1. What are the radius of gyration and Dmax of the chain, computed over its Cα atoms and given in Å?
2. Amide H neighbours of residue 24 under 5 Å, counting only residues 5+ apart in sequence or on other chains, H built in-plane at 1.01 Å?
3. Would you mind computing, in nm to one decimal, how far apart the modelled labels at residue 80 and residue 8 are, each placed 7 Å from Cα along Cα→Cβ?
4. With every protein chain kept in place and ligands, DNA and RNA left out, what is the accessible area per residue of the chain? Probe 1.4 Å, answer in Å².
5. Over the chain, with every protein chain in place, what whole percent of the accessible area is carbon and sulfur at 1.4 Å, could you tell me?
6. Nearest 20 debye, what's the magnitude of the dipole of the chain about its Cα centre given +1 on Lys and Arg Cβ and -1 on Asp and Glu Cβ?
Amino acid sequence: MADLTPELLGAWVEAYERAWRDGRAADLAGLFTPDAEYLVEPYATPLVGLPAIQALWADELDPDEVFTMSHAVVACTGATGVVRVEVRYG
């Protein structure tokens, strides 16, 4: 992978939000690697693998859910990035 930039990381977060709002778990293949790990909350046991993440999204996401999402890129170096995301429901 080429060096991650704040713009690329921000675009990834925006694509994640679109997939969440659309509720299409199939779209996750463009966001996660086949062996990705996904945590639903800090310190939770991660879901491992794209099929597990897709199953969670298929079961949990509601395209009619009302929320706002904002993000700020904290750091990018090489292929690693850190982003702070805030989601408010209701």
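The values are calculated or read from the model by the stated rules, or taken from the named source; none is laboratory data. Predicted, not measured: the structure shown is a model, and the values here were computed from it. Cβ coordinates were reconstructed from backbone atoms using ideal geometry, including for glycine residues, and neighbour counts include every protein chain displayed. Side chains included, ligands, DNA and RNA excluded: accessible areas come from the protein's heavy atoms. Shrake-Rupley method; radii C 1.70, N 1.55, O 1.52, S 1.80 Å.
1. When restricted to the Cα atoms of the chain, Rg and Dmax are 13.4, 38 Å.
2. Those qualifying (amide H under 5 Å, at least 5 residues apart or on another chain) number zero.
3. According to this spin-label approximation, the distance is 1.6 nm.
4. Per-residue accessible area for the chain comes out at 68 Å².
5. 54 percent
6. 180 debye
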